[in-house]
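Undergrad: Structure in structure tokens, see below.
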Amino acid sequence: MTVDELVFFVNGRKVVEKNADPETTLLAYLRRKLGLSGTKLGCGEGGCGACTVMISKFDHFQNKVVHYSVNACLAPICSLHHMAVTTVEGIGSTKTRLHPVQERIAKSHGSQCGFCTPGIVMSMYTLLRNQPTPTIEEIEDAFQGNLCRCTGYRPILQGFRTFSQNGGCCGGNRDNPNCCMNQKKDETLTLSQSLFKPEDFTPLDPSQEPIFPPELLRLKDAPRKQLRFQGERVTWIQASTLQELLDLKAQYPDAKLVVGNTEIGIEMKFKNMLYPMIVCPTWICELTSVEHGPDGITFGAACSLSCMEKVLHDAIAELPDHKTEVFKGVLEQLRWFAGKQIKSVASIGGNIINASPISDLNPVFMASGAKLTLVSKGTRRTVRMDHTFFPGYRRTLLSPEEILFSIEIPYSKEGEFFSAFKQASRREDDIAKVTCGMRVLFKPGTTEVKELSLCYGGMANRTISALKTTQKQLSKSWNEELLQDVCRELAEELRLEPDAPGGMVDFRRTLTLSFFFKFYLTVLQKLGKVNPEDKCGTLDPTFASATLLFQKDPPANVQLFQEVPPGQSEEDMVGRPLPHLAAHMQASGEAVYCDDIPRYENELSLRLVTSTRAHAKILSIDTSEAQKVPGFVCFLSAEDIPGSNVTGLFDDETVFAKDEVTCIGHIIGAVVTDTREHAQRAAQGVKITYEDLPAIITIEDAIKNNSFYKYELQIEKGDLKKGFAEADNVVSGELYLGGQDHFYLETHCTIAVPKGESGEMELFVSTQNTMKTQNFVAKMLGVPANRIVVRVKRMGGGFGGKETRSTVLSTAVALAAHKTGRPVRCMLDRDEDMLITGGRHPFLARYKVGFMKDGKIVALEVDHFSNCGNTRDLSESIMDRALFHMDNTYKIPNIRGTGYLCKTNLASNTAFRGFGGPQAMLIAEYWMSEVAMTCGQPPEKVRRINMYQEGDLTHFNQKLEAFTLPRCWDQCMTSAQYYARRAEVDKFNKENCWKKRGLCIIPTKFGISFSVPFLNQAGALVHVYTDGSVLLTHGGTEMGQGLHTKMVQVASRALKIPISKIYISETSTNTVPNTSPTAASVSADLNGQAIYEACQTILKRLEPFKKKNPNGSWEDWVSAAYLDAVSLSATGFYKTPNLGYDPKTNSGNPFHYFSYGVACSEVEIDCLTGDHKNLRTDIVMDVGTSLNPAIDIGQVEGAFVQGLGLFTMEELHYSPEGSLHTRGPSTYKIPAFGSIPTEFRVSLLRDCPNKRAIYASKAVGEPPLFLAASIFFAIKDAIGAARAQRSDYNTKQLFRLDSPATPEKIRNACGDQFTTLCVTGTPENCKPWSLRV
């Protein structure tokens, strides 16, 4: 067979690929073949946007060049023939000039770790190429397919808003409540709001953009001929005519038709499917055309979803309202369908034929009675999409040689109404739990039902129509009686088994009724407008808001911080909002992350082989299939280890499991091959046989089987028995908090390079812990630590997930490099990373609290159980911190806190921002909210009367000094206008039956120090070169938190030289040894102080030369010192003084000081669907005297949004066998751009210097995360309002709400007539789809 050449352009350069493999993605090609590493791999499934690039092509249908964004991780290179690709490197660089998009995200502090930045830049760039002055809505919409884990999104939106026609400064528009002119001025103290100056930005000049390659323009009218590309396992044929396509389908009935590859690509990568023949129909004009006919609009099956969206949008604008009911339903589903990157390539036909049981569009097409035209060689038929179209799971009516040719979406008629609904965990880019299309047609001039169609996704193994229910409603009037009847019938017809895949059975069943109720109300509302005198039911005004579709106001925000004191030298950058020093390189794709290091000549790829059983004996390992994969080099197991297989912080882990596995994802071995793709295939080829052993999965299992790690700490103070005896009232209960995945955008990555002599090896690792990485590798290889060098340039996020668990990968990669004698690289895929590396510990608390009538707490007892997984890792220290924070900010005279570490067969859980603190503080606020409810007192009053005061002793007897919390509280109450808004919320709740608002204010106190005293140490190394430049090295690693930037600021002030003279290259074990992990929020404190010490040494040595030449420059003094043979290199060292807690006597100081903060949040919930939106959050945070307000505010917002994910959204699902269901962004939802509070106000407390840290600053990384609990308790407040109104449904005043407060938990807690119809009993022996671990 002849094979064609693939021709496309990248950043204006022509690429001709003679051996295009259909399995190669654009991302792999850009990074490996072209060396363009700016485009990143974040998830591999099109869910995070890190790989976003712009594609340009000549569109024959529109007769112009079109630009659209795509996910390079899904786009096969074979689909790019005669197209132009633009990557982040192609629009600007720090070497030439930055594009305004790159400049603005950098200067507005929108890039922290920077791993997601190139993708976000390219989404914005594509928008501007299509729309040079976009609206704020268009900007937000452009980011639906992009995720960021660091920033909390606000600075990105604020920076990019300066491109919009209605963004930037409002010009003193006094109606705007967030106008900077309306803020109260305090003359005595300069409070600044601007973290950046928009007037300094380079203006956007659309005429300067790169042109579409002229060669491709010349080819636009050339006749297209069929193309064939042959890979190792897959053939790709680009058909050029319909006849060709039908011939191919007749010849290869099993061939897959691929347009956007947004489903097939994922199946081949993650589900190990293989499709040897792929046919691409995108060149066939009949399949991409759009026709406006007499009955509706017909779309060719290969039209993209974006194309359909635009055509329907235009139709709605032009046609009369009654004709466009169905179109509006389709658009409502497309609005939240996916990001632009998916919608611009995914086809309508692919979406239908994929036959997903939870498709957003198929229920809409089915309910509308859309017509599908099916063709094959010699036949053509038209069928209506009805309940027969999907005969079973992922099956359709098509015969193997048929293709879907087109779909006609009908115009609606007079008297016909249509709605579409969807409920998911997150609004943007999320898979529905339940989705539906609903249509009713009335007999002319009446409200009698002529036709009724209710179609659902997510309620069976295919899209279904509720035929039994709808048949019974014909000729009935649209009134309360019909509503009751439909709900009763639906509850009966749409049953789910208790073990149904996807779980959430009661929630999903309730949604089917809730959606119909919304439809019923919407139709009533529309009928009322048309014909108010009719016999239909009337709409209760308090029900009206239930019909409103989700609307989001444009974001508004205020960031307040204290300006530097007048007279501070211009060169002294401490206290100024300096952008992250690498931000410009991150925005241009030039910043180098571990996997961006160019490939070595003879480099190999490694892939881990992991257990598929939670607890089992390994009987045999068969690698014969793996060895057949091309490029296979070797399989590694415990037998290959030259040193010790024992590893882990407490020597309770192995590098490779030997005889027994103790969790799914336990590493058994690794395969080494020539490429990443071959490694994946080889790993799948390794066959392991097991003998299962009993497994313990959940906390309850562990308690029942007494499966605990030995743990001693119990904190007790006062007399508990006496306290409970004196209490007026006692409340006890239980609370469960789910775990959380770190979801750093850059997964774990290691490159190991053997040096060939004396056992030397160099490792480039994405880790927060260079010392343990070095020690564990040395121990495994059986060499001294001085032979191993570990280097970290930067990480794409860490959050604690790379503190210890990075070593499970780096040790294995080092072994492979040792065994083969060649460099070896491995970057985990997202699904492997989530499976293997563990996350935040789930907690179960059993509490009992005694209090007086006014809410004053007198006694508290809490048992904390954490699910630690299969090794100890950091679980003890995490429980220590939890017990130290079980009081949050409240003085409790009689208290006992106990911790239990549950030993289970899950991947070991580990450090995560907050480190046990957020779990314990949520438990504290939970019982506090119950106390307030029981006393009938306002919760803010009960919190205030229990709050510590200056000089009080905590429950572990540490004295609270410089206790700024009351100031934070009062300032937050005032700036949030708490009492006025409380009254507004109550008014709203009276006027709205099915939407409720909640408001809550929550404080936090967070202890700063490693709880293990010896870790509170740091070293620094300062080199001054003869040209006056300074190379700075310290023990901390950069993961986006701005540590290097702050350290340069510290050195700049200490040495009194501008920051331009100081550089930090990387963190490495051969410059600063024995470093503590970059964790516990203390890295700026410890390393800053060490740097300060080193700088003082240098200054002391330069003193004589300064005296000799007082008017000389820095360079003069340095040069003079060198000529006098004075050392210009110095080390610095610091350890935190007076630390050490004694559990036996409950005395001593575990912490150096505390950070404080308060947040007030308001939310609105939809009682029918469990959806919620975050309306406003005000935060006041004490960060001491900020070293860098831009970085500190970035940390506050980023931590808050991560906490918002923890408490309301991010849910890990495990099967009863201990297998993780949620292994990527499609199933595990972190907050997106639209999740953040519409109004987001952050204020750094002023005048609160902290004498215990460098330049009076304070730690900021972890403390703000818990403040997101204000959202959780605002949701609980709103649910309380809903329950109070529906007391006839057996709703008790105290109700349990576990974390996270997902739509399922919110909906189920709002008891009403719909939930009572949908209770599914669980039989004794039923195995649920997922367990609460």
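The values are calculated or read from the model by the stated rules, or taken from the named source; none is laboratory data. The structure displayed is predicted, hence computed values, not measured ones. So basically every Cβ, Gly included, is an ideal-geometry build from the backbone, and we count neighbours across all protein chains shown. Heavy atoms of the whole protein, side chains included, go into the accessibility calculation; ligands, DNA and RNA do not. Shrake-Rupley method; radii C 1.70, N 1.55, O 1.52, S 1.80 Å.
Undergrad: How far is it, in nm, from the label point at residue 1251 to the one at residue 414 when both lie 7 Å from their Cα along the line to the Cβ?
TA: 8.5
Undergrad: Let me make sure I get this right: for segment 900-976, a, b and c are the square roots of the gyration tensor eigenvalues over alpha carbons, sorted descending. Under 1.5 in a/c it's rounded, otherwise prolate if a/b > b/c, else oblate. Which is it?
TA: The shape class here is prolate.
Undergrad: Computed from the mean reciprocal separation of all distinct C-alpha pairs, what Kirkwood hydrodynamic radius does segment 1-154 have, in Å?
TA: 16.1
Undergrad: Could you tell me what percent of the DSSP beta bridges with both partners in segment 737-793 are antiparallel, to the nearest 5?
TA: 55
Undergrad: How much accessible surface area, in Å² rounded to 10, belongs to the heavy atoms of residue 584 with a 1.4 Å probe?
TA: The value for residue 584 is about 60 Å².
Undergrad: Let me ask something else. Looking at segment 45-145, which chymotrypsin sites (Phe, Trp or Tyr not before Pro) are DSSP coil and have at most 14 other C-beta atoms within 10 Å of their C-beta?
TA: Within segment 45-145, the qualifying chymotrypsin sites (Phe, Trp or Tyr not before Pro) (loop, at most 14 other Cβ atoms within 10 Å) are 61.
Undergrad: Now a separate question. Could you order 3, 88 by accessible surface area, starting with the largest, using a probe radius of 1.4 Å?
TA: Reading off the accessible areas and sorting them downward yields 3, 88.
Undergrad: Ignoring ligands, DNA and RNA, what accessible area per residue does the chain give at 1.4 Å, in Å²?
TA: Heavy-atom accessible area per residue stands at 36 Å².
Undergrad: Residues in segment 354-396 near a label at residue 286, defined as backbone nitrogen under 19 Å from the 7 Å Cα→Cβ point?
TA: 371-384
Undergrad: Residue 109: net charge of surrounding residues, Cβ under 15 Å, Lys/Arg +1, Asp/Glu -1, itself excluded?
TA: Here the charged neighbours net out to +3.
Undergrad: I've got another one for you. Given Cα positions, please report Rg to Rh for segment 448-575, the hydrodynamic radius being the Kirkwood one.
TA: 1.35
Undergrad: Using the 2.2 N^0.38 Å rule of thumb for compact globular proteins, work out how segment 742-864 stacks up: its C-alpha Rg over that value, please.
TA: Against the compact-globule rule of thumb, the ratio is 1.53.
Undergrad: Tell me the Kirkwood hydrodynamic radius of segment 539-632 in angstroms, computed as one over the mean inverse distance between distinct C-alpha pairs.
TA: Evaluated over segment 539-632, this radius sits at 22.9 Å.
Undergrad: How large is the helix-only mean residue ellipticity at 222 nm for the chain, computed as the sum of -39500 (n - 2.57) over DSSP H runs with n ≥ 4, divided by its residue count, in deg cm²/dmol to the nearest 500?
TA: Dividing the helical sum by the residues of the chain leaves -8500 deg cm²/dmol.
Undergrad: Sticking with this one: Between the alpha-carbon centers of segment 54-117 and segment 376-425, tell me the distance in whole angstrom.
TA: Here the two parts' Cα centres lie 35 Å apart.
Undergrad: Also, I was wondering about something else. Can you compute the modelled spin-label distance between residue 619 and residue 387, with each label point 7 Å from Cα toward Cβ, in nm?
TA: Placing both labels 7 Å beyond Cα along the Cβ direction yields 4.7 nm.
Undergrad: Work out how much length residue 1221 to residue 852 would gain on full extension: take 0.36 nm times their residue separation and subtract the Cα-Cα distance, in nm to one decimal.
TA: Roughly 128.3 nm would be gained on extension.
Undergrad: Towards the positive end of the charge dipole of the chain, with charges on Cβ (+1 Lys, Arg; -1 Asp, Glu), say which of 370, 115, 699 has the farthest Cα.
TA: 115
Undergrad: Could you run the Debye sum over the Cα atoms of segment 1215-1333, one equal point scatterer each and no solvent, and tell me log10 of I(q)/I(0) at q = 0.09, 0.15, 0.18, 0.21 Å⁻¹, two decimals?
TA: -0.46, -1.00, -1.19, -1.31
Undergrad: Same structure again: Over the chain, with every protein chain in place, what whole percent of the accessible area is carbon and sulfur at 1.4 Å, could you tell me?
TA: On the chain, the fraction of accessible area on carbon and sulfur atoms equals 51 percent.
Undergrad: When N is the residue count of segment 689-782, what does its C-alpha Rg come to as a fraction of 2.2 N^0.38 Å?
TA: Expressed relative to 2.2 N^0.38 Å, the Cα Rg reads 1.94.
Undergrad: Continuing with the same structure: Just need the relative contact order of segment 30-104 here, percent rounded to a whole number, with Cα pairs under 8 Å and 6+ apart.
TA: With pairs under 8 Å counted, the relative contact order is 26 percent.
Undergrad: Once ligands and nucleic acids are excluded and a 1.4 Å probe is used, how much of residue 123 is accessible, expressed in Å² to the nearest 10?
TA: My reading of the accessible area for residue 123 is about 10 Å².
Undergrad: A follow-up question, please. Between Rg and the Kirkwood Rh of segment 1041-1167, both from Cα atoms, what is the Rg to Rh ratio?
TA: 1.15
Undergrad: For a bin width of 10 Å, list the pair-distance distribution of segment 559-708 built from all Cα-Cα distances, rounded to whole %.
TA: Result returned by the calculation: 9, 23, 23, 15, 14, 11, 4, 0.
Undergrad: Could you order the peptides 953-965, 501-513, 706-718 from most to least packed, using the average number of other C-beta atoms within 10 Å per residue?
TA: 501-513, 953-965, 706-718
Undergrad: Quick one: if you stick a label point 7 Å off each Cα along the C-beta vector at residue 394 and residue 569, how many nm between them?
TA: Reported label-point gap for residue 394 and residue 569 is 6.7 nm.
Undergrad: Let me ask you something else. Give the residue from 496, 447, 527 lying farthest towards the positive end of the charge dipole for segment 422-572; charges sit on Cβ (+1 for Lys and Arg, -1 for Asp and Glu) and the dipole is referred to the Cα centre.
TA: After comparing all options, I get 447.
Undergrad: With r as the distance between the Cβ atoms of residue 1063 and residue 1123 and R0 = 35 Å, compute the FRET efficiency 1/(1 + (r/R0)^6) and round to 0.05.
TA: 0.90
Undergrad: For segment 1215-1258, what are Rg and Dmax over the alpha carbons, in angstrom?
TA: In order Rg, Dmax, the Cα atoms of segment 1215-1258 give 20.5, 55 Å.
Undergrad: Among 1213-1223, 887-897, how do they line up by average Cβ neighbours within 10 Å per residue, starting with the highest?
TA: Descending mean neighbour count gives 887-897, 1213-1223.
Undergrad: Another question about this same structure. Can you work out the FRET efficiency for the pair residue 612 and residue 267, with r the C-beta to C-beta distance and R0 = 22 Å, to the nearest 0.05?
TA: Rounded to the nearest 0.05, the efficiency is 0.70.
Undergrad: Can I ask one more? Using the Cα atoms of segment 1095-1243, I'd like the radius of gyration and the largest Cα-Cα distance, Dmax, both in angstrom.
TA: Spelled out, the Cα radius of gyration and Dmax of segment 1095-1243 are 26.3, 80 Å.
Undergrad: How much accessible surface does residue 1160 have with a 1.4 Å probe, in Å² rounded to 10?
TA: Rounded to the nearest 10, that gives 0 Å².
Undergrad: Provide the FRET efficiency to the nearest 0.05 for the residue 729-residue 1289 pair, computing r from the beta carbons and using R0 = 30 Å.
TA: 0.70
Undergrad: Please list the three semi-axes, largest first and in whole Å, of the ellipsoid equivalent to segment 197-243, using sqrt of 5 times the eigenvalues of its alpha carbon gyration tensor.
TA: Those come to 41, 18, 9 Å.
Undergrad: What is the gain in length, in nm to one decimal, between residue 135 and residue 205 on full extension, counting 0.36 nm per residue of separation less the C-alpha to C-alpha distance?
TA: Separation in residues times 0.36 nm, less the Cα-Cα distance, equals 23.5 nm.
Undergrad: While we're on this one: What per residue convex hull volume, in Å³, do the alpha-carbon atoms of the chain yield?
TA: Looking at the chain, the number lands at 182 Å³ per residue.
Undergrad: Once you have the Cα-Cα distance between residue 1107 and residue 97, take 0.36 nm times their residue separation minus that, and quote the gain in nm to one decimal.
TA: Result for the pair: 359.3 nm of gain on full extension.
Undergrad: List the pair-distance distribution P(r) of segment 662-716, using every Cα-Cα distance, as the percent of pairs falling in each 5 Å bin from 0 up to the bin containing the longest distance, rounded to whole percents.
TA: Distribution as computed: 4, 12, 16, 14, 12, 10, 10, 9, 7, 4, 2, 0 percent.
Undergrad: Please identify the chymotrypsin sites (Phe, Trp or Tyr not before Pro) of segment 384-428 that satisfy two criteria: DSSP loop assignment and at most 15 other Cβ atoms within 10 Å. Which are they?
TA: Those satisfying the criteria are 393.
Undergrad: Further question on the same structure: How many times 2.2 N^0.38 Å is the alpha carbon radius of gyration of segment 1-92?
TA: Against the empirical 2.2 N^0.38 Å value, I get 1.06 for segment 1-92.
Undergrad: A further question follows. Relative contact order for the chain using alpha-carbon pairs under 8 Å, separation at least 6, rounded to a whole percent?
TA: 11
Undergrad: Rank by packing, highest mean first: peptides 997-1005, 1109-1117, with packing defined as the count of other Cβ atoms within 10 Å averaged across residues.
TA: 997-1005, 1109-1117
Undergrad: Could you tell me which helices of the chain pass both thresholds, a Cα extent of 30 Å or more along their own axis and a mean Kyte-Doolittle hydropathy of at least 1.6, with helices taken as whole DSSP H runs?
TA: none
Undergrad: Hey, got the Cα dimensions of segment 801-958 along the principal axes, in Å, largest first?
TA: 72, 30, 24
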